[in-house]
Amino acid sequence: MRVRIFDTTLRDGEQTPGVALTPEKKLSIAKRLDDLGVDVIEAGFPIVSEGEQQGIKLITKANLSAEICGLARTSKKDIDAAIDCGLNYIHTFIATSDIHLQYKLKMTRDEVLAKAIEAVEYGKAHGLQVEFSAEDATRSDREFLKRVFSEVAKAGADRIDIPDTVGYSTPQYMAQITKDAIAASKLPISVHCHNDFGLAVANAISGIQAGAQCAHVTINGIGERAGNASLEEFVMALQCLPFEQKWETGIKTKLLYETSRYVSNLVGIAVQPNKAIVGENAFGHESGIHTHGILSNPLTYEPISPELVGRTRWMQVGKHAGIHGVSAMLEEYGVKPNEGQLRLILDKVKAIGDQGKQITDVELLSIANEILGEHAIKRIVQLTGFSVSTGIGTMPYAFVKINIDGTDYIGTDYGVGPVDAALNAIQKITGEISKVRVKEYKLDSISGGSAALCEVTIKVEDAIGNMSSAKSIGEDIVITSVQAMIDGINRIMLKKTLKQKKIGS
Ligand code: MN
(Lines give C-alpha, C1' and ligand atoms only; values in the text may rest on other atoms or scores of the structure.)
Protein backbone atom coordinates (compact mmCIF):
# COMPACT_ATOMS: atom_id res chain seq x y z
CA MET A 1 0.00 0.00 0.00
CA ARG A 2 1.14 3.53 -0.76
CA VAL A 3 1.61 5.64 2.38
CA ARG A 4 1.23 9.38 2.03
CA ILE A 5 4.02 11.50 3.53
CA PHE A 6 2.74 14.79 4.95
CA ASP A 7 5.83 16.78 5.89
CA THR A 8 5.40 19.40 8.59
CA THR A 9 9.06 20.44 8.99
CA LEU A 10 8.10 23.98 7.98
CA ARG A 11 5.16 24.21 10.41
CA ASP A 12 5.44 21.94 13.47
CA GLY A 13 9.21 21.69 12.89
CA GLU A 14 9.49 25.44 12.86
CA GLN A 15 7.64 25.52 16.18
CA THR A 16 10.74 23.92 17.74
CA PRO A 17 11.80 26.23 20.59
CA GLY A 18 14.35 28.71 19.27
CA VAL A 19 13.67 28.16 15.57
CA ALA A 20 12.41 30.86 13.20
CA LEU A 21 13.01 30.77 9.46
CA THR A 22 13.06 33.65 6.99
CA PRO A 23 10.71 33.35 3.98
CA GLU A 24 13.69 32.59 1.70
CA LYS A 25 14.93 29.81 3.95
CA LYS A 26 11.44 28.33 4.08
CA LEU A 27 11.33 28.27 0.31
CA SER A 28 14.73 26.62 0.01
CA ILE A 29 13.73 23.88 2.47
CA ALA A 30 10.42 23.40 0.62
CA LYS A 31 12.36 22.81 -2.61
CA ARG A 32 14.50 20.16 -0.91
CA LEU A 33 11.40 18.45 0.50
CA ASP A 34 9.88 18.46 -2.96
CA ASP A 35 13.04 16.89 -4.43
CA LEU A 36 12.94 14.29 -1.66
CA GLY A 37 9.47 13.28 -2.82
CA VAL A 38 7.12 14.16 0.04
CA ASP A 39 3.43 14.17 -0.94
CA VAL A 40 2.42 17.22 1.10
CA ILE A 41 4.37 20.18 2.45
CA GLU A 42 2.72 21.94 5.38
CA ALA A 43 4.27 25.30 4.61
CA GLY A 44 3.27 27.16 7.77
CA PHE A 45 0.58 28.77 9.88
CA PRO A 46 -0.52 31.82 7.82
CA ILE A 47 -2.21 33.80 10.61
CA VAL A 48 0.91 34.03 12.82
CA SER A 49 2.83 36.77 11.02
CA GLU A 50 3.49 38.78 7.91
CA GLY A 51 6.82 36.99 7.36
CA GLU A 52 5.11 33.62 7.66
CA GLN A 53 2.64 34.66 4.96
CA GLN A 54 5.46 35.81 2.70
CA GLY A 55 7.21 32.45 3.10
CA ILE A 56 4.04 30.51 2.31
CA LYS A 57 3.32 32.69 -0.73
CA LEU A 58 6.83 32.04 -2.06
CA ILE A 59 6.18 28.31 -1.68
CA THR A 60 2.70 28.29 -3.25
CA LYS A 61 4.14 30.16 -6.25
CA ALA A 62 7.18 27.90 -6.65
CA ASN A 63 5.43 25.34 -8.84
CA LEU A 64 6.39 22.34 -6.71
CA SER A 65 5.09 18.83 -7.33
CA ALA A 66 4.02 18.33 -3.70
CA GLU A 67 0.61 19.54 -2.48
CA ILE A 68 1.01 22.64 -0.30
CA CYS A 69 -1.00 22.93 2.89
CA GLY A 70 -1.36 25.56 5.61
CA LEU A 71 -2.49 25.36 9.23
CA ALA A 72 -5.59 27.22 10.43
CA ARG A 73 -7.58 27.26 13.65
CA THR A 74 -11.31 26.74 13.18
CA SER A 75 -11.84 30.45 12.64
CA LYS A 76 -12.76 32.35 9.51
CA LYS A 77 -9.88 34.80 9.80
CA ASP A 78 -7.34 31.95 9.95
CA ILE A 79 -8.89 30.28 6.91
CA ASP A 80 -9.07 33.61 5.06
CA ALA A 81 -5.35 34.14 5.75
CA ALA A 82 -4.64 30.74 4.22
CA ILE A 83 -6.71 31.56 1.13
CA ASP A 84 -4.89 34.87 0.87
CA CYS A 85 -1.55 32.99 0.70
CA GLY A 86 -2.75 31.13 -2.39
CA LEU A 87 -3.36 27.87 -0.53
CA ASN A 88 -6.07 25.50 -1.66
CA TYR A 89 -5.49 22.95 1.08
CA ILE A 90 -5.91 23.66 4.80
CA HIS A 91 -5.19 21.68 7.93
CA THR A 92 -7.71 23.05 10.41
CA PHE A 93 -7.76 22.08 14.05
CA ILE A 94 -9.58 22.47 17.33
CA ALA A 95 -8.89 20.70 20.61
CA THR A 96 -11.28 17.97 21.72
CA SER A 97 -9.84 16.86 25.08
CA ASP A 98 -11.52 17.98 28.29
CA ILE A 99 -8.19 19.38 29.56
CA HIS A 100 -8.02 21.74 26.58
CA LEU A 101 -11.74 22.53 26.64
CA GLN A 102 -11.69 23.46 30.31
CA TYR A 103 -8.37 25.32 30.63
CA LYS A 104 -7.60 26.66 27.18
CA LEU A 105 -10.74 27.05 25.07
CA LYS A 106 -13.25 27.46 27.94
CA MET A 107 -15.85 25.88 25.69
CA THR A 108 -18.30 22.99 25.99
CA ARG A 109 -18.08 19.88 23.81
CA ASP A 110 -21.11 21.03 21.80
CA GLU A 111 -19.54 24.43 21.18
CA VAL A 112 -16.31 22.79 19.99
CA LEU A 113 -18.22 20.49 17.67
CA ALA A 114 -20.16 23.44 16.22
CA LYS A 115 -16.89 25.37 15.60
CA ALA A 116 -15.34 22.36 13.87
CA ILE A 117 -18.34 21.89 11.56
CA GLU A 118 -18.48 25.59 10.77
CA ALA A 119 -14.79 25.71 9.80
CA VAL A 120 -15.03 22.63 7.58
CA GLU A 121 -18.10 24.04 5.84
CA TYR A 122 -16.41 27.42 5.40
CA GLY A 123 -13.30 25.81 3.90
CA LYS A 124 -15.36 23.63 1.56
CA ALA A 125 -17.50 26.62 0.51
CA HIS A 126 -14.23 28.28 -0.59
CA GLY A 127 -13.19 25.28 -2.65
CA LEU A 128 -10.44 24.13 -0.31
CA GLN A 129 -9.24 20.63 0.43
CA VAL A 130 -9.85 20.32 4.19
CA GLU A 131 -7.93 18.06 6.56
CA PHE A 132 -9.47 18.22 10.04
CA SER A 133 -7.43 17.65 13.21
CA ALA A 134 -8.92 16.98 16.64
CA GLU A 135 -6.11 18.43 18.73
CA ASP A 136 -5.10 16.29 21.72
CA ALA A 137 -7.18 13.46 20.21
CA THR A 138 -5.40 10.79 22.24
CA ARG A 139 -6.48 12.37 25.55
CA SER A 140 -10.01 13.09 24.36
CA ASP A 141 -13.09 11.15 25.38
CA ARG A 142 -13.27 8.30 22.89
CA GLU A 143 -17.02 8.55 22.26
CA PHE A 144 -16.88 12.33 21.80
CA LEU A 145 -13.95 11.95 19.40
CA LYS A 146 -15.97 9.51 17.26
CA ARG A 147 -18.87 11.97 17.22
CA VAL A 148 -16.57 14.82 16.12
CA PHE A 149 -15.06 12.73 13.32
CA SER A 150 -18.45 11.60 12.09
CA GLU A 151 -19.89 15.13 12.13
CA VAL A 152 -16.95 16.80 10.33
CA ALA A 153 -17.13 14.07 7.70
CA LYS A 154 -20.81 14.89 7.16
CA ALA A 155 -19.84 18.58 6.93
CA GLY A 156 -17.60 17.72 3.96
CA ALA A 157 -14.07 17.24 5.36
CA ASP A 158 -11.74 15.46 2.92
CA ARG A 159 -9.37 13.96 5.47
CA ILE A 160 -9.19 13.36 9.20
CA ASP A 161 -6.01 13.71 11.21
CA ILE A 162 -5.43 12.17 14.64
CA PRO A 163 -2.88 14.23 16.55
CA ASP A 164 -1.14 12.69 19.53
CA THR A 165 -0.42 16.25 20.60
CA VAL A 166 1.59 15.53 23.75
CA GLY A 167 2.96 12.12 22.73
CA TYR A 168 0.71 10.39 25.25
CA SER A 169 -0.50 7.47 23.15
CA THR A 170 0.68 3.89 23.12
CA PRO A 171 0.94 2.03 19.80
CA GLN A 172 -2.06 -0.10 20.84
CA TYR A 173 -4.26 2.91 21.57
CA MET A 174 -3.21 4.66 18.37
CA ALA A 175 -4.40 1.59 16.44
CA GLN A 176 -7.73 1.58 18.28
CA ILE A 177 -8.60 5.22 17.67
CA THR A 178 -7.43 4.98 14.06
CA LYS A 179 -9.99 2.21 13.59
CA ASP A 180 -12.60 4.37 15.38
CA ALA A 181 -11.86 7.27 13.06
CA ILE A 182 -12.16 5.13 9.93
CA ALA A 183 -15.48 3.68 11.12
CA ALA A 184 -16.88 7.06 12.13
CA SER A 185 -15.77 9.11 9.12
CA LYS A 186 -15.11 6.67 6.23
CA LEU A 187 -12.41 9.19 5.21
CA PRO A 188 -8.67 8.82 4.63
CA ILE A 189 -6.93 9.08 8.02
CA SER A 190 -3.62 10.75 8.96
CA VAL A 191 -1.72 10.33 12.20
CA HIS A 192 0.34 13.12 13.77
CA CYS A 193 2.56 11.73 16.52
CA HIS A 194 4.82 13.49 18.99
CA ASN A 195 7.92 12.02 20.57
CA ASP A 196 7.57 12.88 24.26
CA PHE A 197 8.11 9.24 25.21
CA GLY A 198 10.23 8.31 22.20
CA LEU A 199 7.27 6.49 20.64
CA ALA A 200 6.37 8.87 17.79
CA VAL A 201 7.53 6.60 14.96
CA ALA A 202 6.15 3.45 16.64
CA ASN A 203 2.80 5.17 17.15
CA ALA A 204 2.72 6.45 13.57
CA ILE A 205 3.45 2.97 12.22
CA SER A 206 0.78 1.49 14.45
CA GLY A 207 -1.70 3.97 12.98
CA ILE A 208 -0.70 2.91 9.46
CA GLN A 209 -1.07 -0.78 10.35
CA ALA A 210 -4.56 -0.02 11.64
CA GLY A 211 -5.56 1.53 8.31
CA ALA A 212 -4.36 5.15 8.34
CA GLN A 213 -3.04 6.23 4.95
CA CYS A 214 -0.86 9.15 5.91
CA ALA A 215 1.58 10.28 8.60
CA HIS A 216 2.60 13.80 9.54
CA VAL A 217 6.39 13.76 9.94
CA THR A 218 9.38 16.12 10.05
CA ILE A 219 13.00 15.94 8.92
CA ASN A 220 15.23 14.95 11.85
CA GLY A 221 12.07 14.66 13.97
CA ILE A 222 12.16 18.34 14.87
CA GLY A 223 9.05 19.92 16.32
CA GLU A 224 7.52 21.15 19.55
CA ARG A 225 9.19 19.82 22.74
CA ALA A 226 10.65 16.38 22.00
CA GLY A 227 9.59 16.73 18.39
CA ASN A 228 7.50 14.82 15.86
CA ALA A 229 7.82 11.43 14.23
CA SER A 230 10.96 11.66 12.14
CA LEU A 231 10.47 11.31 8.40
CA GLU A 232 13.65 9.33 7.80
CA GLU A 233 12.99 6.80 10.57
CA PHE A 234 9.34 6.37 9.63
CA VAL A 235 10.03 5.91 5.92
CA MET A 236 12.96 3.52 6.38
CA ALA A 237 11.12 1.45 8.99
CA LEU A 238 8.11 1.07 6.69
CA GLN A 239 10.32 0.13 3.78
CA CYS A 240 12.84 -2.16 5.50
CA LEU A 241 11.30 -3.87 8.52
CA PRO A 242 9.66 -7.28 8.17
CA PHE A 243 5.99 -6.24 8.28
CA GLU A 244 3.39 -8.66 7.00
CA GLN A 245 2.08 -6.00 4.67
CA LYS A 246 4.29 -4.17 2.12
CA TRP A 247 4.41 -0.38 2.26
CA GLU A 248 5.66 2.15 -0.24
CA THR A 249 6.27 5.87 -0.14
CA GLY A 250 7.32 8.37 -2.78
CA ILE A 251 10.51 9.21 -0.87
CA LYS A 252 13.84 9.02 -2.71
CA THR A 253 15.68 7.47 0.20
CA LYS A 254 19.13 8.20 -1.24
CA LEU A 255 18.45 11.90 -0.56
CA LEU A 256 17.61 11.40 3.12
CA TYR A 257 21.03 12.13 4.60
CA GLU A 258 21.66 15.14 2.42
CA THR A 259 18.23 16.58 3.25
CA SER A 260 18.73 15.94 6.96
CA ARG A 261 22.03 17.83 6.93
CA TYR A 262 20.57 20.67 4.90
CA VAL A 263 17.66 21.16 7.30
CA SER A 264 19.92 20.82 10.34
CA ASN A 265 22.20 23.58 9.02
CA LEU A 266 19.38 25.93 8.08
CA VAL A 267 17.38 25.60 11.30
CA GLY A 268 20.54 25.50 13.43
CA ILE A 269 19.69 22.29 15.28
CA ALA A 270 22.36 19.61 15.38
CA VAL A 271 21.35 15.99 14.92
CA GLN A 272 22.25 13.84 17.91
CA PRO A 273 25.12 11.45 17.02
CA ASN A 274 23.18 8.29 17.93
CA LYS A 275 20.05 9.29 15.98
CA ALA A 276 18.73 6.46 13.80
CA ILE A 277 19.41 6.67 10.04
CA VAL A 278 20.88 10.20 9.97
CA GLY A 279 23.00 10.47 13.15
CA GLU A 280 26.76 10.56 12.72
CA ASN A 281 27.20 7.16 14.41
CA ALA A 282 24.32 5.38 12.66
CA PHE A 283 26.77 3.67 10.28
CA GLY A 284 29.98 4.01 12.31
CA HIS A 285 31.91 1.14 13.88
CA GLU A 286 34.69 0.91 16.40
CA SER A 287 34.72 -2.38 18.28
CA GLY A 288 37.02 -5.03 16.83
CA ILE A 289 34.36 -7.73 16.77
CA HIS A 290 32.01 -5.44 14.88
CA THR A 291 34.55 -4.16 12.37
CA HIS A 292 35.68 -7.73 11.68
CA GLY A 293 32.06 -8.74 11.05
CA ILE A 294 31.42 -5.72 8.85
CA LEU A 295 34.51 -6.42 6.78
CA SER A 296 33.47 -9.98 6.04
CA ASN A 297 29.83 -9.02 5.43
CA PRO A 298 28.23 -5.67 6.36
CA LEU A 299 24.92 -7.43 7.08
CA THR A 300 26.44 -8.79 10.30
CA TYR A 301 26.22 -5.44 12.07
CA GLU A 302 24.22 -3.17 9.78
CA PRO A 303 20.47 -3.70 9.29
CA ILE A 304 20.53 -1.80 5.99
CA SER A 305 23.20 -0.61 3.63
CA PRO A 306 24.21 3.03 4.30
CA GLU A 307 24.10 3.77 0.54
CA LEU A 308 20.34 3.26 0.68
CA VAL A 309 20.03 6.55 2.59
CA GLY A 310 22.86 8.35 0.82
CA ARG A 311 25.62 7.62 3.31
CA THR A 312 28.86 5.69 3.65
CA ARG A 313 29.97 3.60 6.62
CA TRP A 314 33.01 4.59 8.62
CA MET A 315 35.25 2.81 11.07
CA GLN A 316 37.52 4.11 13.74
CA VAL A 317 39.96 2.36 16.00
CA GLY A 318 40.29 2.48 19.77
CA LYS A 319 40.88 0.09 22.62
CA HIS A 320 38.30 -2.32 21.17
CA ALA A 321 40.15 -2.44 17.86
CA GLY A 322 41.13 -5.66 16.14
CA ILE A 323 43.69 -6.44 13.49
CA HIS A 324 41.13 -6.54 10.68
CA GLY A 325 39.72 -3.09 11.42
CA VAL A 326 43.15 -1.47 11.66
CA SER A 327 44.28 -3.13 8.45
CA ALA A 328 41.12 -2.06 6.61
CA MET A 329 41.45 1.54 7.79
CA LEU A 330 45.06 1.76 6.69
CA GLU A 331 44.20 0.21 3.35
CA GLU A 332 41.72 3.05 2.75
CA TYR A 333 44.77 5.33 2.58
CA GLY A 334 46.81 2.93 0.48
CA VAL A 335 49.02 1.85 3.43
CA LYS A 336 49.72 -1.90 3.52
CA PRO A 337 51.87 -3.05 6.46
CA ASN A 338 52.96 -6.70 6.79
CA GLU A 339 51.57 -8.93 9.54
CA GLY A 340 54.34 -8.13 12.05
CA GLN A 341 54.08 -4.38 11.47
CA LEU A 342 50.32 -4.62 11.80
CA ARG A 343 50.69 -6.29 15.24
CA LEU A 344 52.98 -3.47 16.41
CA ILE A 345 50.54 -0.84 15.14
CA LEU A 346 47.65 -2.56 16.93
CA ASP A 347 49.59 -2.70 20.22
CA LYS A 348 50.19 1.04 20.07
CA VAL A 349 46.56 1.73 19.18
CA LYS A 350 45.37 -0.27 22.19
CA ALA A 351 47.88 1.43 24.51
CA ILE A 352 46.61 4.86 23.48
CA GLY A 353 43.00 3.68 23.64
CA ASP A 354 43.55 2.44 27.20
CA GLN A 355 44.44 5.99 28.21
CA GLY A 356 40.88 6.88 27.26
CA LYS A 357 41.92 8.60 24.05
CA GLN A 358 40.17 8.44 20.73
CA ILE A 359 42.38 7.47 17.82
CA THR A 360 41.47 9.35 14.70
CA ASP A 361 42.77 8.33 11.30
CA VAL A 362 45.45 11.00 11.68
CA GLU A 363 46.96 9.30 14.73
CA LEU A 364 46.63 5.89 13.15
CA LEU A 365 48.51 7.07 10.09
CA SER A 366 51.27 8.65 12.15
CA ILE A 367 51.65 5.43 14.17
CA ALA A 368 51.88 3.55 10.88
CA ASN A 369 54.49 5.99 9.59
CA GLU A 370 56.52 5.51 12.74
CA ILE A 371 56.48 1.75 12.44
CA LEU A 372 56.88 1.47 8.70
CA GLY A 373 59.72 3.96 8.98
CA GLU A 374 58.91 5.75 5.73
CA HIS A 375 56.48 8.25 4.33
CA ALA A 376 53.75 5.78 3.59
CA ILE A 377 51.04 8.33 2.80
CA LYS A 378 50.75 9.83 -0.63
CA ARG A 379 50.12 13.57 -0.89
CA ILE A 380 47.52 14.56 -3.48
CA VAL A 381 46.89 18.04 -2.09
CA GLN A 382 49.79 20.43 -1.38
CA LEU A 383 49.73 23.99 -0.12
CA THR A 384 52.00 26.04 -2.38
CA GLY A 385 51.15 29.60 -1.41
CA PHE A 386 49.39 31.36 1.43
CA SER A 387 48.93 34.83 2.87
CA VAL A 388 46.40 36.44 5.16
CA SER A 389 45.71 40.00 6.27
CA THR A 390 43.82 41.14 9.32
CA GLY A 391 43.52 44.20 11.53
CA ILE A 392 41.08 46.76 12.87
CA GLY A 393 38.88 48.57 10.35
CA THR A 394 39.58 45.95 7.69
CA MET A 395 37.98 42.60 7.00
CA PRO A 396 40.24 39.58 7.47
CA TYR A 397 41.19 38.33 4.00
CA ALA A 398 43.09 35.27 2.84
CA PHE A 399 44.80 34.10 -0.34
CA VAL A 400 45.65 30.41 -0.86
CA LYS A 401 47.31 28.50 -3.64
CA ILE A 402 46.84 24.75 -3.65
CA ASN A 403 48.17 22.08 -5.96
CA ILE A 404 45.77 19.16 -6.37
CA ASP A 405 47.16 16.20 -8.28
CA GLY A 406 49.39 18.41 -10.42
CA THR A 407 46.98 21.29 -11.08
CA ASP A 408 47.27 24.68 -9.35
CA TYR A 409 44.19 26.36 -7.90
CA ILE A 410 43.86 29.81 -6.34
CA GLY A 411 41.22 30.82 -3.82
CA THR A 412 40.55 34.05 -1.93
CA ASP A 413 37.93 34.85 0.68
CA TYR A 414 36.97 36.95 3.68
CA GLY A 415 36.08 35.70 7.15
CA VAL A 416 35.25 36.79 10.67
CA GLY A 417 38.94 36.32 11.56
CA PRO A 418 42.13 35.20 9.80
CA VAL A 419 41.54 31.47 10.47
CA ASP A 420 38.00 31.69 9.15
CA ALA A 421 39.14 33.63 6.07
CA ALA A 422 41.88 31.06 5.36
CA LEU A 423 39.56 28.07 5.76
CA ASN A 424 36.89 29.77 3.63
CA ALA A 425 39.42 30.37 0.85
CA ILE A 426 40.46 26.70 0.91
CA GLN A 427 36.85 25.53 0.94
CA LYS A 428 36.15 27.69 -2.10
CA ILE A 429 38.63 25.59 -4.03
CA THR A 430 37.93 22.17 -2.55
CA GLY A 431 34.19 22.80 -2.35
CA GLU A 432 34.09 22.97 -6.11
CA ILE A 433 36.23 19.90 -6.59
CA SER A 434 34.89 17.53 -3.97
CA LYS A 435 32.34 19.44 -1.83
CA VAL A 436 34.56 19.20 1.22
CA ARG A 437 33.48 21.24 4.21
CA VAL A 438 34.73 21.73 7.75
CA LYS A 439 32.59 19.78 10.20
CA GLU A 440 34.49 20.47 13.40
CA TYR A 441 37.31 22.78 14.37
CA LYS A 442 39.08 22.62 17.74
CA LEU A 443 41.98 24.72 18.95
CA ASP A 444 44.04 23.91 22.04
CA SER A 445 47.04 25.64 23.53
CA ILE A 446 49.73 23.16 24.53
CA SER A 447 51.83 25.44 26.76
CA GLY A 448 51.36 28.92 28.21
CA GLY A 449 52.59 32.28 26.92
CA SER A 450 52.18 34.05 23.62
CA ALA A 451 54.82 31.84 21.98
CA ALA A 452 52.91 28.72 23.05
CA LEU A 453 52.41 25.82 20.73
CA CYS A 454 48.88 25.33 19.51
CA GLU A 455 47.17 22.17 18.43
CA VAL A 456 44.43 22.27 15.82
CA THR A 457 42.09 19.34 15.19
CA ILE A 458 39.87 19.53 12.15
CA LYS A 459 37.21 17.16 10.96
CA VAL A 460 36.24 17.51 7.32
CA GLU A 461 33.41 15.84 5.45
CA ASP A 462 32.45 15.50 1.80
CA ALA A 463 28.95 15.47 0.29
CA ILE A 464 28.31 11.77 0.85
CA GLY A 465 29.54 11.70 4.44
CA ASN A 466 33.15 10.52 3.93
CA MET A 467 34.87 11.95 6.96
CA SER A 468 38.45 12.50 7.86
CA SER A 469 40.13 14.17 10.78
CA ALA A 470 43.54 15.77 10.91
CA LYS A 471 45.68 17.31 13.58
CA SER A 472 48.49 19.81 13.28
CA ILE A 473 50.81 21.35 15.87
CA GLY A 474 52.63 24.65 15.40
CA GLU A 475 53.38 28.12 16.70
CA ASP A 476 51.18 30.08 14.33
CA ILE A 477 47.45 29.51 14.80
CA VAL A 478 46.53 30.40 11.23
CA ILE A 479 49.23 28.38 9.47
CA THR A 480 48.65 25.42 11.79
CA SER A 481 44.93 25.51 11.02
CA VAL A 482 45.60 25.68 7.29
CA GLN A 483 47.97 22.71 7.52
CA ALA A 484 45.43 20.64 9.45
CA MET A 485 42.77 21.49 6.87
CA ILE A 486 45.02 20.55 3.94
CA ASP A 487 45.92 17.26 5.68
CA GLY A 488 42.25 16.45 6.20
CA ILE A 489 41.40 17.20 2.59
CA ASN A 490 44.36 15.13 1.43
CA ARG A 491 43.04 12.11 3.32
CA ILE A 492 39.50 12.47 1.98
CA MET A 493 40.77 12.77 -1.57
CA LEU A 494 43.11 9.83 -1.08
CA LYS A 495 40.17 7.72 0.15
CA LYS A 496 38.10 8.75 -2.86
CA THR A 497 40.84 8.09 -5.40
CA LEU A 498 41.48 4.63 -3.97
CA LYS A 499 37.76 3.86 -3.89
CA GLN A 500 37.39 4.89 -7.53
CA LYS A 501 40.34 2.69 -8.45
CA LYS A 502 38.74 -0.24 -6.64
CA ILE A 503 35.46 0.29 -8.47
CA GLY A 504 37.35 0.60 -11.75
CA SER A 505 39.45 -2.52 -11.28
MN1 MN B 1 2.14 18.90 16.50
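Can you tell me how many residues in segment 182-210 are in a helix (DSSP H, G or I) and within 20 Å of Asp12 (Cα to Cα)?
So in segment 182-210, the residues in a helix (DSSP H, G or I) come out as 182-185, 200-209.
In the following step, the residues that additionally are within 20 Å of Asp12 (Cα to Cα) were identified as 200-205, 207.
Adding up the residues that qualify gives 7.
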- Item | Pick from segment 274-319, criterion of a type in the set (D, E, K, R) and assigned to a helix (DSSP H, G or I), ranking: nearest to the chain's Cα centre (by Cα) | Glu280
- Message: For segment 1-46, give me the residue count where each residue is within 16 Å of the ligand (Cβ to nearest atom) and out of contact with any Phe, Trp or Tyr (no Cβ under 9 Å at 6 or more places or on another chain).
- Response: 13
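Considering only residues that are among the polar types (S, T, N, Q) and either within 16 Å of the ligand (Cβ to nearest atom) or in contact with a His (Cβ under 6 Å, 6 or more places away or on another chain) (or both), which ones fall in segment 145-199?
Correct list: Thr165, Ser169, Ser190, Asn195.
I'd like the full set of residues that are of a type outside the set (A, V, I, L, M, F, W, C) and either within 15 Å of the ligand (Cβ to nearest atom) or within 15 Å of Ala226 (Cα to Cα) (or both), limited to segment 200-209. Steps first, please.
So in segment 200-209, the residues of a type outside the set (A, V, I, L, M, F, W, C) come out as 203, 206-207, 209.
Within segment 200-209, Asn203, Gly207 meet the criteria.
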- Does Val48 fit the bill of being aliphatic (A, V, I, L, M), assigned by TED's automatic domain parsing to the domain that holds Phe243 and closer than 30 Å to Glu244 by Cβ? no
- Task: Determine whether segment 321-335 contains at least one residue that is in contact with a Phe, Trp or Tyr (Cβ under 9 Å, 6 or more places away or on another chain) and assigned to a loop (DSSP other than H, G, I, E, B).
- Result: no
- Which residues, taken from segment 398-437, are buried (at least 18 other Cβ atoms within 10 Å of the Cβ) and among the β-branched types (Val, Ile, Thr)? Val400, Ile402, Val419, Ile426, Ile429, Thr430, Val436
- Scan segment 191-213 and report the pairs whose first residue is more than 15 Å from Glu244 (Cα to Cα) and whose second residue is modelled with pLDDT under 95 and more than 16 Å from the ligand (Cβ to nearest atom), with Cβ atoms within less than 9 Å and a gap of 6+ or a chain change. Gln213/Met1
- Note on the structure: Residues in segment 7-40 that are of a type in the set (D, E, K, R) and assigned to a loop (DSSP other than H, G, I, E, B) total 3
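The values are calculated or read from the model by the stated rules, or taken from the named source; none is laboratory data. Only a predicted model underlies this, so the values are computations on that prediction, with no experimental measurement involved. Don't worry about glycine lacking a Cβ; one is built from the backbone with ideal geometry, like all the others, and counts go over all protein chains shown.
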